[in-house]
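Chemist: Attaching a single structure in C-alpha cells format; questions to follow.
The values are calculated or read from the model by the stated rules, or taken from the named source; none is laboratory data. In this text, all values refer to a predicted model and were calculated from it rather than measured experimentally. Glycine gets a Cβ as well: all are built from the backbone with ideal geometry, and neighbour counts include every protein chain shown. Areas reflect the complete protein model, heavy atoms only, side chains present, ligands, DNA and RNA absent. Shrake-Rupley method; radii C 1.70, N 1.55, O 1.52, S 1.80 Å.
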Amino acid sequence: MALPKRRHYKARSKKRRANWKVEAPTIVACHNCHEPKLAHHVCPSCGYYKDRKVIEVSS
Ligand SMILES: [Zn+2]
C-alpha cells in the first residue's frame with residue numbers, strides 16, 4: 001500500500017484555501033464620544049485612542 005513519505009502537519013491542512021474565511025471587522029463604541037469605530041483604531045470622529053487625544057479631527 002502507498003504510504004505518505006513525509007508527515008502531514010496540522011498547519012498544512014489548516015491553511016488550505018477551504019479554511020480561508022472573510023471576517024466582519026469588529027466595531028466597538030468609542031470610549032470618548034460613543035461613536036461606532038473599528039476596534040484597536042483611532043476614533044475617526046474625535047481622534048481619541050485609549051483615553052488620549054492622538055490626532056486632531058477637523059469637523
Ligand atoms: Zn470618539
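Chemist: So Val42 ticks every box in (1) at pLDDT below 90; (2) of a type in the set (A, V, I, L, M); (3) in contact with a Phe, Trp or Tyr (Cβ under 7 Å, 6 or more places away or on another chain) but one. Which box is left unticked?
Modeler: Looking at each condition in turn, Val42 falls short on (1).
Chemist: Tell me, which residue of region 37-55 that is part of a strand (DSSP E or B) and open to solvent by 90 Å² or more (accessible area, probe 1.4 Å) is farthest from the ligand (Cβ to nearest atom)?
Modeler: The initial filter retains those residues of region 37-55 that are part of a strand (DSSP E or B), namely 37-38, 48-49, 52-53.
If we keep only those that are open to solvent by 90 Å² or more (accessible area, probe 1.4 Å) as well, we get 52-53.
On the way: Arg52: 12, Lys53: 10 Å.
By that ranking, first place goes to Arg52.
Chemist: In addition: Would you call Arg16 over 21 Å from the mean Cα position of the chain (by Cα) and open to solvent by 90 Å² or more (accessible area, probe 1.4 Å)? Walk me through it before giving the result.
Modeler: Working: over 21 Å from the mean Cα position of the chain (by Cα): no; open to solvent by 90 Å² or more (accessible area, probe 1.4 Å): yes.
Against the criterion (over 21 Å from the mean Cα position of the chain (by Cα) and open to solvent by 90 Å² or more (accessible area, probe 1.4 Å)), Arg16 does not qualify.
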